[in-house]
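Each reported figure results from applying straightforward, stated rules to the coordinates on display, with no laboratory input. Keep in mind that this is a model prediction, so the values were computed, not measured. We place every Cβ from the backbone using ideal geometry, glycine too, and count neighbours over all the protein chains shown.
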Amino acid sequence: VNVARAPAVPQGGGADAGRPATCLADHGAADLLLPPPPGAGPAGEAAGGGAVEEALGAAITERVANWFSQGPGTESAATVTAAWDNHSPWGHQITLRDTGEAVTALGLAPDGTLRVRDSTGRERRLVTEYLY
């Protein structure tokens, strides 16, 4: 997760190309960041010497651990995929980076794979393809 700054991502195809990156600071979290110390690079350090990164890492770790433990009150895979469904722009065209093929994202299958439709209307599931 990019906290203070977004890395440059090559555009226009090729093995290293991808979608433009973003960071939390660009979406309202700039007040959580301190200015860079003298002599440091352009990226600021999170308030408290990494407190933002530590809190974010702890929250992600807790959620993943709860999901795997499947104890009372924890999330199931269906709950996680439903959450993605509520926040994803299904129906939009995406491009497979390795092949350049344009597909339409349809949604997540119960097992977490991405359901897509290609230009011929064939539906399939993607597991490890990199999209942009």
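Distance between the 7 Å Cα→Cβ label points at residue 120 and residue 19: 2.7 nm. Amide H contacts under 5 Å for residue 107: 115, restricted to partners 5 or more places along the chain or on a different chain, H placed in the peptide plane at 1.01 Å from N. The charge dipole of segment 76-132, taken about its Cα centre with unit charges on the Cβ atoms of Lys, Arg (+1), Asp and Glu (-1) only, comes to about 80 debye. Residues in segment 103-119 carry Karplus couplings, in order, of 9, 9, 6, 9, x, 9, 7, x, 8, x, 6, 8, 8, 9, 10, 8, 5 Hz; the curve used is 6.51 cos²θ - 1.76 cosθ + 1.60 with θ = phi - 60°, and Gly or Pro positions show x.
Taking label positions 7 Å along the Cα-Cβ direction at both residue 101 and residue 54, the computed distance is 4.6 nm, reported to one decimal.
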